[in-house]
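Structure record follows, encoded as structure tokens.
The values are calculated or read from the model by the stated rules, or taken from the named source; none is laboratory data. Everything numeric here is computed off the predicted structure, so don't read it as measured data. Quick reminder, even Gly has a Cβ in these numbers, built from the backbone with ideal geometry, and neighbours come from all protein chains shown.
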Amino acid sequence: MNDITIYGLDLAKHVFQVHWVDVASGEVHRKTLPRAQVSGFFARAPRGVIAMEACGSAHHWGRLLQTLGHEVKLIAAQFVQPFVKTNKTDAADAQAIWEAAQRPEMRFVALKSEEQQAVLSLHRLREQWVKVRTLQANQIRGLLYEFGVVVPMGWRTLLKSVPEHLTATGSPVPTLLQEPLLEQLEALRAATARIVALEKQLASWQRSEPECQRIMAIPGVGPLTASAVVASVTDARQFRSARQFAAYLGLVPRQSGTGGRVKLLGISKRGDTYLRTLFIHGARSVLLSHSRKQGDGPLQTWLNGLLQRRPSNVVVVALANKMARTVWALLAQGRRFDAGWVSKRP
């Protein structure tokens with residue numbers, strides 16, 4: 001890499017900053033570029049490695065700069081911060097990115113395609129509408145409670161029972177409030193319709209992806225988890241092991257220690273919060289199904305032994321970790337899921 005020019009590029013909406021060192025002379029260069037001049041500058045610049053923070057628009061610029069013949073490396077912002085020497089400025093950030101890109105053990109973020117970003121955007125839209133639906137349902141339930149009407153939990157129950165309370169003779173809810181609450185229920189139905197439409201789009205995409213179909217064979221991995229994982233992980237082999245993939249999801253213990261003694265604490269909760277949430281929910285569904293039926297398979301035996309020693313929430317996280325490791329094995333090694341497979345150390 002010493003013979004290759006490395007550029008540190010600080011991204012922005014309008015004004016970009018570039019930092020690089022001339023390979024031949026060792027001269028340090030800093031340049032400010034308006035947005036319209038970025039492509040032209042790198043089209044004329046010697047081919048090299050362009051390092052950027054993995055922030056907004058980074059994947060767009062990464063794809064664009066790759067078409068110009070450069071190698072692109074994205075670095076998580078928290079790994080760049082330690083290299084900012086003085087005050088935080090665009091020039092200092094660009095230099096810090098340039099420094100971070102040359103560290104021997106630096107971890108880089110894989111560049112996503114437009115299709116992957118589109119799928120993840122659908123997930124973000126769905127997640128937002130789920131929050132909107134929850135907010136509206138809680139507000140309706142809270143307003144009714146003020147007038148002595150108690151509605152069971154769940155938005156489906158809310159849609160079914162609230163109209164009966166509002167239209168019943170002698171309803172405790174004032175007439176002034178009944179019509180606005182019915183309008184809120186219609187908004188709740190509209191939010192549900194949007195969520196269903198987005199889920200259909202995601203299901204249609206995952207059915208066309210062989211990798212989604214392979215990992216959906218794992219208990220607890222459904223269409224949402226499968227599509228989110230395949231869209232988020234460009235190449236599973238960028239993780240050296242299954243544990244590293246689980247650590248990327250924040251499903252491994254935090255470590256704290258000194259003097260040769262290391263304590264294992266709760267899970268780190270680092271990395272992709274959305275993916276970790278999907279794995280946790282999937283593990284809960286598997287554990288719930290396990291409690292309703294008896295079996296003697298490897299997974300059932302493992303869960304039974306774990307439930308005897310640990311609380312259920314700990315078992316859920318352990319199962320989510322196991323699911324994540326299995327997903328990595330299938331994606332990185334191109335295998336199909338085998339419920340009876342047992343790893344053997346050489």
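Points worth noting:
- Within the option set V84, V109, V119, V151, being closer than 28 Å to L275 by Cα, buried (at least 16 other Cβ atoms within 10 Å of the Cβ), touching a helix residue (DSSP H, G or I) at 6+ places or on another chain (Cβ under 6 Å) and not assigned by TED's automatic domain parsing to the domain that holds R237 holds for one residue only, V119.
- The set of residues from segment 261-280 being assigned to a helix (DSSP H, G or I), touching a helix residue (DSSP H, G or I) at 6+ places or on another chain (Cβ under 8 Å) and of a type outside the set (A, V, I, L, M, F, W, C) comprises Y274, R276.
For every residue, the table says whether it meets (1) under 13 Å from L65 (Cα atoms); (2) charged (D, E, K, R); (3) in a strand (DSSP E or B).
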| position | (1), (2), (3) |
| --- | --- |
| I6 | no, no, yes |
| L9 | yes, no, yes |
| A12 | no, no, no |
| F16 | no, no, yes |
| H19 | no, no, yes |
| G40 | yes, no, no |
| P46 | yes, no, no |
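- One residue stands out in segment 270-300 among those that are basic (K, R) and more than 14 Å from V316 (Cβ to Cβ): the one that is nearest to the chain's Cα centre (by Cα), namely R270.
- Of the residues making up segment 45-66, just one is among the basic types (K, R) and over 24 Å from the mean Cα position of the chain (by Cα), namely R47.
- In segment 273-285, the residues that are charged (D, E, K, R) reach residues that are crowded, with 17+ Cβ neighbours inside 10 Å and not in a helix (DSSP H, G or I) with C-beta atoms within less than 7 angstrom, at least six apart or across chains, in these pairs: R276/L249; R276/G250; R276/L251.
- Residues being more than 12 Å from A101 (Cα to Cα), touching a strand residue (DSSP E or B) at 6+ places or on another chain (Cβ under 7 Å) and part of a loop (DSSP other than H, G, I, E, B) - total across segment 55-84: 1
- Some residue of segment 231-243 being in contact (Cβ under 8 Å) with a residue 12 or more places away in the chain, of a type outside the set (S, T, Y), on the phi > 0 side of the Ramachandran plot and not assigned by TED's automatic domain parsing to the domain that holds Q136: no
- Checking each residue in segment 53-88 for being without any contact (Cβ under 8 Å) to a residue 12 or more places away in the chain, within 19 Å of V15 (Cα to Cα) and polar (S, T, N, Q) picks out only N87.
- A231 small (G, A, S) and outside any loop (DSSP other than H, G, I, E, B): yes
- Residues that are assigned to a helix (DSSP H, G or I) and surrounded by 15 or more Cβ atoms within 10 Å (Cβ to Cβ) within segment 162-176 comprise V162, H165, L166, listed in sequence order.
- Residue count for segment 132-156 under the criterion of being without any contact (Cβ under 8 Å) to a residue 40 or more places away in the chain and under 18 Å from A193 (Cβ atoms): the result is 5.
- For G40, the conditions (1) touching a Lys or Arg at 6+ places or on another chain (Cβ under 7 Å); (2) over 16 Å from R103 (Cα atoms); (3) of a type outside the set (V, I, T) are fulfilled apart from (1).
- Filtered residues of segment 231-243 (kept if surrounded by fewer than 23 Cβ atoms within 10 Å (Cβ to Cβ) and within 12 Å of the chain's Cα centre (by Cα)): S232
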